[in-house]
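Presented below is the structure to which this report refers.
The values are calculated or read from the model by the stated rules, or taken from the named source; none is laboratory data. Every value quoted in this text rests on a predicted model; they were computed, and no experiment measured them. Virtual Cβ from ideal backbone geometry, glycine too; neighbours counted across all protein chains shown. Heads up: the accessible areas ignore ligands, DNA and RNA and are worked out on the full protein's heavy atoms, side chains in. Shrake-Rupley method; radii C 1.70, N 1.55, O 1.52, S 1.80 Å.
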Amino acid sequence: MSKLVVMNYRLIAAGRRGSRRVPANYSLAACDSQKLARWAVAVATVCASIGCHQSREDAHAREVATRVRSEFLHAWTNYEKYAWGHDALKPLSKTPHDWYGQSLLMTPVDALDTLILMKLDEEAAKAKELILTDLSFDRDVYVKNFEITIRLLGGLLSSYQLTNDKRLLDLAEDLGNRLLPVFNSPTGLPYVYVNLKTGQVRDTKTNPAETGTLLLEFGTLSKLTGKPIYYEKAKRALMETFKRRSAIGLVGSTIDVETGAWVDADSHISGGIDSYYEYLWKCWLLFLDQDCQEMWQASISAVNKYLADEARGELWYGHADMNTGRLTASQYGALDAFFPALLAHSGDVARARRLQDSSFKMWNMHEIEPEIIDYKTMQIVYNGYHLRPEIVESTYYLHHFTHDPRYRKMGEKIFDDFVKYCRVDAGYAALQDVVTKEKRDEMESFVLAETFKYFYLLFASPDTLDFDKVVFNTEAHPLKRTD
């Protein structure tokens with residue numbers, strides 16, 4: 001649109017709104033009628049062009065959303081066919097897999113809210129019935145507290161909020177009670193494993209992600225049941241982790257829950273630490289907990305100061321010693337790719353854009369992202385791909401906050417590659433090697449809980465889910481704000 005047209009369009013629009021008067025010495029009537037007519041035609045043409053373009057973009061986005069839904073159904077129906085009632089499907093061998101030798105219905109619980117959001121009503125009803133009929137936590141098994149919390153507790157809570165079926169909340173409360181013994185350490189930091197039947201705990205070496213990624217779920221359980229113990233235990237674990245940050249504000253990779261001493265001083269934003277930072281910010285959003293806001297502000301400034309790195313004019317985040325801040329490794333990977341979402345969510349959109357460009361560059365190296373690269377040399381460090389959602393999550397968040405159409409184009413490219421290289425006869429398979437595209441017999445529950453959900457939300461109508469009324473846990477389970 002030319003500057004002249006813009007100026008006159010604004011003048012006409014302002015006059016129509018009555019928010020700005022036309023100066024007395026400027027008479028529209030005195031304008032050349034042919035010029036005014038040309039301006040009006042130009043404005044109408046531009047507006048029509050913008051409207052049509054937007055309409056075409058929206059129509060195309062809905063088409064992609066329909067494709068995503070169809071591909072999700074391909075994965076889900078094959079889970080039903082070959083692994084129904086089990087934790088997960090192994091898509092190459094077409095066999096079921098259970099984490100602990102007996103099923104905790106990991107995939108149905110993790111995927112239920114995705115089924116609901118995609119309006120797959122028949123499939124959602126069947127999955128919910130399976131959960132309510134067959135899921136029992138009265139099992140003599142040691143489970144990993146972190147994974148069970150984000151997948152099962154989070155999944156049950158979000159599905160309860162979407163359906164108002166109190167039986168799902170009852171299951172969540174039963175699970176929450178069985179997980180509580182993990183917090184019975186001298187420091188309040190949770191042990192890694194707990195026996196669901198006996199309450200016995202084990203494994204003292206843990207990390208900030210596993211100690212600090214619990215408050216969204218346990219806190220929501222407190223709000224919904226009116227029992228503060230869940231919130232108090234999980235918040236203490238988060239604060240005890242934060243309290244042990246170094247003098248320069250960083251946390252390490254490994255900590256002992258009984259002594260509170262760091263075992264590994266490697267600091268980064270990747271797996272083992274990643275969602276600790278995510279929950280500092282999100283616990284403030286979901287619960288308006290001032291402590292969380294203060295811990296977030298102190299932490300993000302240290303992360304940006306010591307872990308942010310530049311290479312070829314690109315923004316990356318590497319590894320540093322938590323005590324000195326000295327960069328120790330230039331590694332970035334699929335798990336780190338969640339960070340643009342967190343940056344955008346917390347208001348740092350400019351930095352989020354730059355980091356997302358780096359993540360997308362990593363993806364385009366082989367049309368599928370490797371698990372880890374060295375961003376200085378752009379060489380692969382670990383060549384697997386586990387169908388991870390993080391880069392899709394960040395694409396969704398950036399599109400939500402910027403409305404920039406390039407993020408839907410980016411997301412469509414990622415989705416096309418995802419389908420091209422990972423779709424198999426019985427679902428979706430991880431890759432053993434992103435270079436050769438050799439498949440791996442693995443389709444974890446998070447593929448249905450997160451990867452497909454974020455793809456779908458990126459392209460679906462905004463009224464599919466009110467972004468501003470929920471906070472996603474780290475497994476993409478939307479949790480609604482409660483009083």
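Remarks
- Which numbered condition residue 354 fails, given (1) open to solvent by less than 30 Å² (accessible area, probe 1.4 Å); (2) assigned to a helix (DSSP H, G or I); (3) free of Cβ contacts under 8 Å to residues at least 60 places away in the same chain: (1)
- Some residue of the range 176-185 being within 27 Å of residue 284 (Cβ to Cβ), modelled with pLDDT of 95 or more and of a type in the set (Phe, Trp, Tyr): yes
- Qualifying residue in the range 156-171 (condition: buried (at least 24 other Cβ atoms within 10 Å of the Cβ), over 21 Å from residue 258 (Cα atoms) and in contact with an Asp or Glu (Cβ under 6 Å, 6 or more places away or on another chain)): yes
- For the range 279-308, the tally of residues that are small (Gly, Ala, Ser) and open to solvent by 30 Å² or more (accessible area, probe 1.4 Å) stands at 2.
- On the stretch given as the range 78-99, residues that are open to solvent by less than 10 Å² (accessible area, probe 1.4 Å) and of a type in the set (D, E, K, R) total 1.
- Of the helices (runs of 4 or more DSSP H) lying entirely inside the range 201-269, those containing at least 2 residues that are surrounded by fewer than 24 Cβ atoms within 10 Å (Cβ to Cβ) and touching a residue at least 40 places away in the same chain (Cβ under 8 Å) are 215-225, 229-243.
- Qualifying residue in the range 160-173 (condition: within 21 Å of residue 229 (Cβ to Cβ), in contact with a strand residue (DSSP E or B) (Cβ under 7 Å, 6 or more places away or on another chain) and assigned to a helix (DSSP H, G or I)): yes
- Every residue from the range 120-150 that is open to solvent by less than 10 Å² (accessible area, probe 1.4 Å) and touching a residue at least 60 places away in the same chain (Cβ under 8 Å): 145, 149, 150
- Residue that is farthest from residue 372 (Cα to Cα), among those in the range 309-320 that are surrounded by fewer than 18 Cβ atoms within 10 Å (Cβ to Cβ) and free of Cβ contacts under 8 Å to residues at least 60 places away in the same chain: 313
- Residues that are touching a helix residue (DSSP H, G or I) at 6+ places or on another chain (Cβ under 7 Å) and open to solvent by less than 20 Å² (accessible area, probe 1.4 Å), drawn from the range 180-200: 182, 183, 187, 188, 189, 190, 192, 194, 196
- Of the residues screened, residue 113 is one that is farther than 20 Å from residue 441 by Cβ, acidic (Asp, Glu) and in contact with a helix residue (DSSP H, G or I) (Cβ under 6 Å, 6 or more places away or on another chain).
- Taking (1) touching a helix residue (DSSP H, G or I) at 6+ places or on another chain (Cβ under 8 Å); (2) on the phi < 0 side of the Ramachandran plot in turn, residue 436 satisfies each apart from (1).
- Total residues in the range 149-170, condition farther than 14 Å from residue 124 by Cα and in contact with a Phe, Trp or Tyr (Cβ under 8 Å, 6 or more places away or on another chain): 5
- Total residues in the range 100-119, condition open to solvent by less than 10 Å² (accessible area, probe 1.4 Å), over 25 Å from residue 202 (Cα atoms) and among the aliphatic types (A, V, I, L, M): 5
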